[in-house]
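This report concerns only the one structure given below.
The values are calculated or read from the model by the stated rules, or taken from the named source; none is laboratory data. All values derive from a computational prediction rather than experimental measurement. Remember, those area values only see protein heavy atoms, side chains included, never the ligands or the DNA or RNA. Shrake-Rupley method; radii C 1.70, N 1.55, O 1.52, S 1.80 Å.
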Amino acid sequence: KFGAEHLRQPTEPDLERIMKVCAARGLPGCIGALDCQHWQWMNCPIAWAGQFKGEEKKSTFVLEAIADSHLRIWNAFFGSSGSLNDINVLDQSPTFQSVLAGNFSP
């Protein structure tokens, strides 16, 4: 039950609803907000610690997510090194790269 409703890509009616809400808020064509958050990696291997250490001074990895106005997450990408800032994370993101290429299909 949970998987069929929540663990899926948005359907055409979903996208129409999301875009209608965004357009009413002055963001026509928008399907949600994209953001990145650093998560602490408690058991990061010592050999990798340097490349995953960011301004938090602890090993972290980055979660990139796209959510709509109802806080429903439609896309998530884990795994970028915590030493990267959000701009560099987006540069590595398959989702963001497909948006830039004009072939993003949520």
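Points to keep in mind about this one:
- Using just its DSSP H runs of length 4 or more, each adding -39500 (n - 2.57), the chain gives a mean residue ellipticity at 222 nm of -9000 deg cm²/dmol after division by all residues.
- Ligands, DNA and RNA are left out, and with a 1.4 angstrom probe the accessible area of the chain is 69 Å² per residue.
- Accessible surface of the stretch 3-106, 1.4 Å probe: 58 percent of it comes from carbon and sulfur atoms.
- Kirkwood hydrodynamic radius computed over the chain comes to 15.3 Å, based on all pairs of distinct alpha carbons.
- Inverse of mean 1/r across different Cα pairs in the stretch 59-106, Kirkwood, Å: 11.5 Å
- Degrees between helix 12-24 axis and first principal axis of the chain (Cα, 0 to 90, nearest 10): 90 degrees
- Rg to Rh, two decimals, where the stretch 32-75 supplies the alpha carbon set and Rh follows Kirkwood: 1.14
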